[in-house]
Amino acid sequence: MQEKGLEKQEILRILEKKLEKDFSYSTGSVLGSMCTEPLDLGVEIYMKYISKNLGDPGLFLGTAALEEELVSEIGKLFNEKNIIGTFTTGGSEANLIAMRIAKKLRPDIKSPEVVVPCSAHISFDKAADLLGIKLRKATLNDNFELNLTHFESLINRNTCGVVGIAGTTSLGLIDPIEEIGTLIKDKDIFFHIDAAFGGFILPFLKKLNYTIPAWDFSVNAVDSITADPHKMGLGIIPSGGFFLRDPSILQKIGFEIPYLAGGNFKHFHIVGTRSGGTVIAFWAILKSLGFNGFVKIVKRCMDNTKYLSSQINDITGIKLVTNPVTNVVGITTESGESICKIDEDLRKRNWMLGKFEEFNLIRVVIMPHVQKSHLQNFIEDLTKIIKKLKIT
Ligand code: 0PR
C-alpha cells in the first residue's frame with residue numbers, strides 16, 4: 001500500500017485503464033453468460049442501501065421484514081403462499097443449502113446419496129463434496145431430456161434427496177418435475193428444484209402461452225426451489241434465492257446465533273454477513289417492472305431466441321442441439337465433428353460463448369442485454385467461420 005492516499009480522479013483513471021480488458025454486456029459480444037446488466041433502478045437503490053447487513057437482522061428489522069415480504073411475493077409467483085426463504089450469494093449457495101437440508105433431515109442414513117440429472121450444475125458436485133454426500137447422476141436421452149428410468153434406478157435406501165432442474169445450464173431445458181415427484185411418492189426424500197436460471201423466466205413464459213410443464217410448488221412433492229435474481233431477475237450481481245415450502249425445517253436444522261448485536265436468530269445460510277442492499281434492490285425491481293414488465297423482457301428474449309434458432313437452421317454444417325424451451329440456444333455440428341474449433345475461432349473474434357464439451361455444443365444465452373443486431377453480427381461471423389473451417 002502506498003503511504004499517501006491518491007486523489008479520486010487519479011484512482012478513477014487507474015481503474016479505467018486496469019479494467020479496460022473487461023467485457024461489458026452492452027457491446028453484445030457476451031453471448032454465453034447467464035448474468036446481465038441489472039435494472040438501473042436496482043443499481044440506484046442498491047447504492048443507497050449498500051451498508052445494510054442481513055447477517056444481523058435484529059439491527060435491520062425493516063430490511064429483514066422487506067426480505068420476508070419479497071419471499072412471500074415470490075412464493076405466490078411459484079404457487080405457494082406460505083413459504084419461507086432467503087436471498088443468497090447465488091445459485092451455488094442456494095443449492096448447497098438445499099443439499100444440506102436433504103442430508104440433515106435424514107440422520108438415519110449413514111451414507112447419504114442425492115440423485116441429480118447429469119445436466120445438473122457444478123454447484124451440486126461442490127455441495128456433495130463439502131457435505132460428504134454421494135452424487136448419483138442420471139443420464140439423458142438422445143434428445144437431451146432426462147432418462148427417468150435411469151433416474152429411478154439410482155434411488156435406493158440411502159437416497160436423502162433428489163434434484164430436478166427447471167432451466168438447465170447447458171440448454172435451458174426443464175426436467176419432468178411431476179414425474180420425478182411420482183418416483184419418490186411416500187418416500188421420505190427431499191425434493192429440490194434448481195430454477196436458478198428458469199425461476200424468473202418460466203412464470204412469464206406461461207403468460208406468453210408457451211406450454212410449460214409444472215415445475216414449482218404446484219407440484220406437491222417439491223420441497224424447495226433455487227431461483228436467482230442475478231440471472232433473469234435483472235438483480236444485482238451477486239444475488240441468488242432459496243425458497244422452502246415447510247417453515248418448520250428452519251427450526252429443526254437452522255444454525256443458532258445467540259450473540260448478535262441485534263439479538264438471537266436462526267438461519268440456514270453458509271455466509272454470515274449478508275447483503276441487505278441486493279434484497280432491497282430486488283424488491284424495488286419487482287415493484288418497478290411488475291409482472292407485465294417481466295413478461296415484456298422475457299418476450300423480447302424469446303423473440304431473439306427464435307430469430308437465432310431460425311438462422312442456425314439455415315447454415316449448412318451446424319444445427320440446433322434441440323428446440324429451445326427457454327432463451328438458451330445450443331449449437332452443434334451436423335456431422336458430429338467437434339465443436340471446439342468453431343468455439344476457438346469465435347473467441348478470436350471476441351464472441352464469448354459457453355462450450356460444453358461433454359455434449360459437443362456451444363451455448364448462446366439470449367439474456368436481456370442481447371440485441372437482434374448483436375445476433376446478426378454473430379451469424380455473419382459464424383457463417384464465415386463454418387466456411388473457413390470447411391464444416392459440412
Ligand atoms: N444452477 C444453475 C442451473 C445454473 O445455471 C447456475 C449457474 C447455478 C445453479 C449456480 O449459480 P451461481 O453462479 O449464481 O452460483 N449458471 C451459470 C453458468 O454456469 C453461471 C454463470 C453466470 C456463468 C455468468 C458465466 C457467466 O458469465 O453458466
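The values are calculated or read from the model by the stated rules, or taken from the named source; none is laboratory data. Quick caveat, the model's predicted, so the values are computed rather than measured. With ideal geometry, Cβ positions are generated from the backbone for all residues, glycine too; neighbour counts draw on all protein chains shown. To get the accessible areas, we keep the full protein, side chains included, count just its heavy atoms, and leave off ligands, DNA and RNA. Shrake-Rupley method; radii C 1.70, N 1.55, O 1.52, S 1.80 Å.
If the condition is being of a type in the set (Val, Ile, Thr), outside any loop (DSSP other than H, G, I, E, B) and touching a strand residue (DSSP E or B) at 6+ places or on another chain (Cβ under 8 Å), then the range 115-142 contributes VAL115, VAL116.
Number of residues in the range 334-392 that are aliphatic (A, V, I, L, M), part of a loop (DSSP other than H, G, I, E, B) and under 20 Å from the mean Cα position of the chain (by Cα) equals 4.
Of all the residues in the range 155-179, those that are open to solvent by 30 Å² or more (accessible area, probe 1.4 Å) and polar (S, T, N, Q) number 3. Scanning the range 132-149 for residues that are away from the ligand (no atom under 16 Å from the Cβ) and on the phi < 0 side of the Ramachandran plot yields ILE133, LYS134, ARG136, THR139, ASN141, ASP142, ASN143, ASN147, LEU148, THR149. Taking the conditions (1) in a loop (DSSP other than H, G, I, E, B); (2) assigned by TED's automatic domain parsing to the domain that holds CYS301 in turn, LYS17 satisfies each one other than (1). Among the residues making up the range 282-332, those that are more than 30 Å from ALA64 (Cβ to Cβ) and open to solvent by 70 Å² or more (accessible area, probe 1.4 Å) are LYS296, LYS299, ARG300, LYS306, ASN313, ASP314, THR316, LYS319, ASN323. Scanning the range 197-212 for residues that are within 26 Å of ASP246 (Cβ to Cβ) and either open to solvent by 10 Å² or more (accessible area, probe 1.4 Å) or assigned to a helix (DSSP H, G or I) (or both) yields GLY198, GLY199, PHE200, LEU202, PRO203, LYS206, ILE212. So which residues in the range 84-120 are in contact with a Gly (Cβ under 7 Å, 6 or more places away or on another chain) and within 9 Å of the ligand (Cβ to nearest atom)? Correct list: THR88, THR89, GLY90, GLY91, GLU93, ALA94.
With respect to being over 23 Å from ILE280 (Cα atoms) and either of a type in the set (Ser, Thr, Tyr) or touching an Asp or Glu at 6+ places or on another chain (Cβ under 8 Å) (or both), THR27 fits the description. Select from the range 56-80 the residues that are within 19 Å of ASP228 (Cα to Cα) and not in a helix (DSSP H, G or I) and write down the one among them that is least open to solvent (accessible area, probe 1.4 Å). Filtering the range 56-80 for residues that are within 19 Å of ASP228 (Cα to Cα) and not in a helix (DSSP H, G or I), the one least open to solvent (accessible area, probe 1.4 Å) comes out as PHE78. Scanning the range 185-204 for residues that are within 23 Å of GLY293 (Cα to Cα) and away from the ligand (no atom under 16 Å from the Cβ) yields a count of 2. Taking the range 275-308 as the range and being outside the structural domain of GLY28 (by TED's automatic domain parsing) and in contact with a strand residue (DSSP E or B) (Cβ under 8 Å, 6 or more places away or on another chain) as the test, the residues that pass are SER275, GLY276, THR278, VAL279, PHE282. LEU39 passes every criterion in (1) out of contact with any Phe, Trp or Tyr (no Cβ under 6 Å at 6 or more places or on another chain); (2) within 23 Å of GLN251 (Cβ to Cβ); (3) surrounded by 15 or more Cβ atoms within 10 Å (Cβ to Cβ) apart from (2). Considering only residues that are of a type in the set (A, V, I, L, M) and closer than 24 Å to SER123 by Cα, which ones fall in the range 249-307? Scanning the range 249-307 gives ILE249, LEU250, ILE253, ILE270, VAL271, VAL279.
Open to solvent by 10 Å² or more (accessible area, probe 1.4 Å), away from the ligand (no atom under 15 Å from the Cβ) and under 30 Å from LEU289 (Cβ atoms): is that true of THR182 in this structure? No; evaluated as a whole, the condition is false for this residue. Cβ-Cβ contacts under 8 Å between residues 6 or more apart (or on different chains), taken from a first residue in the range 30-48 that is within 16 Å of the ligand (Cβ to nearest atom) to a second residue that is in a helix (DSSP H, G or I) and open to solvent by less than 40 Å² (accessible area, probe 1.4 Å), are listed as LEU31/HIS374; LEU31/PHE378; PRO38/ALA281; PRO38/ILE285.
Tell me whether the range 228-238 contains one or more residues that are surrounded by fewer than 13 Cβ atoms within 10 Å (Cβ to Cβ) and touching a strand residue (DSSP E or B) at 6+ places or on another chain (Cβ under 6 Å). No, the range 228-238 contains no residue that is surrounded by fewer than 13 Cβ atoms within 10 Å (Cβ to Cβ) and touching a strand residue (DSSP E or B) at 6+ places or on another chain (Cβ under 6 Å). Residues in the range 236-250 that are within 10 Å of the ligand (Cβ to nearest atom) and not in a strand (DSSP E or B): ILE237, PRO238, SER239. Taking the range 101-114 as the range and being among the charged types (D, E, K, R) and outside any loop (DSSP other than H, G, I, E, B) as the test, the residues that pass are LYS103, LYS104, GLU113.
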